[in-house]
Every structure is written in C-alpha cells, then in structure tokens.
1. Pairs only if they're at least six apart or on different chains, beta carbon under 9 angstrom, first in the stretch 21-34 and open to solvent by less than 30 Å² (accessible area, probe 1.4 Å), second of a type in the set (Lys, Arg); list them, first residue then second.
2. Just give me the residues in the stretch 12-28 being under 22 Å from Glu68 (Cβ atoms) and either assigned to a strand (DSSP E or B) or acidic (Asp, Glu) (or both), in sequence order.
3. Looking only at the stretch 50-62, filter to residues that are over 26 Å from Thr2 (Cβ atoms) and among the aliphatic types (A, V, I, L, M); which one of those is least open to solvent (accessible area, probe 1.4 Å)?
4. Applying the selection to the stretch 95-118, what residues are assigned to a loop (DSSP other than H, G, I, E, B), touching a residue at least 24 places away in the same chain (Cβ under 8 Å) and either in contact with a helix residue (DSSP H, G or I) (Cβ under 7 Å, 6 or more places away or on another chain) or among the hydroxyl-bearing types (Ser, Thr, Tyr) (or both)?
5. Here is a list: Leu81, Leu9, Leu47, Leu65. Which entry is open to solvent by less than 40 Å² (accessible area, probe 1.4 Å) and not in a helix (DSSP H, G or I)?
6. Test of understanding: among Glu30, Glu15, Glu83, which residue is at pLDDT 95 or above, acidic (Asp, Glu), in contact with a Leu (Cβ under 9 Å, 6 or more places away or on another chain) and on the phi < 0 side of the Ramachandran plot?
Amino acid sequence: MTGFRGLALDACDVEALTRFWSDAANYEVEAADYPYWAVLASGESNLPRIIVIQVPELKSAKNRLHMEFDVSDLDVEAERLVELGAGIDARREFHGTRWIVMSDPEGNEFCLLEEASD
C-alpha cells in the first residue's frame, strides 16, 4: 500500500448524499459521475477523501466503521447537521469527552466529539 485514499460510503442516492456530506464536512466535490459515484475532498491533502458509491440496497445493519469529527461546540454542530438531514442516535460521555452518535440521511453512522478541556 502507498497511502490511505479515503472512506467510501454506500448510497442509494449518490447525488443527495454527496450534497449532505459536502455541506456537513465542508468538503468540495472533486469528481462525480451521478448517479454512480462522487468523490469529496477537503482541500487539505492530509485529510481523507469521502467517496460516495451507488448501491441498490438500503443499509441493513450498524456500521462497523464510521467517521468521527472534532467539534468545538457539540450541541451547535449537532443542530446544524440535523437541519441538513442528519439524525441523532445517542449522546455519550466518558472521562470528560462528550460525543454524539449521528446518522446521515441514508443511515450511515458518524460521531461528533468534543474533547474534555484541560
């Protein structure tokens, strides 16, 4: 292997999920061939791409792998993402770190984390 390229998300509606993740993660569409696939990039070469790939089936089980995002204000960011179409699945706290488990419009889980302040 020569490097980590990105994280792929299955989607029934590639264009809609691409719009969600572009707005949610502040990524730009790097390339797309709707309705089959799209690639999102942050503009910073050290951050992974988000690749959205068309599949015929709906999500049927919990993700074994998910994205995590650091945020400075957990509640404000969660509210912004809910307005974009995300759902809140759970709120957690452990050793002062708070996080919210969320799901995108097609049910793919991701987490927002707010580290404990020193």
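1. These pairs meet every condition: Ala24/Arg80; Tyr27/Arg49.
2. If the condition is that a residue be under 22 Å from Glu68 (Cβ atoms) and either assigned to a strand (DSSP E or B) or acidic (Asp, Glu) (or both), then Asp23, Glu28 are the ones that fit.
3. Val55
4. Residues satisfying the conditions are Asp104, Pro105, Glu106.
5. Leu9
6. Glu30
The values are calculated or read from the model by the stated rules, or taken from the named source; none is laboratory data. Quick caveat, the model's predicted, so the values are computed rather than measured. Glycine gets a Cβ as well: all are built from the backbone with ideal geometry, and neighbour counts include every protein chain shown. Remember, those area values only see protein heavy atoms, side chains included, never the ligands or the DNA or RNA. Shrake-Rupley method; radii C 1.70, N 1.55, O 1.52, S 1.80 Å.
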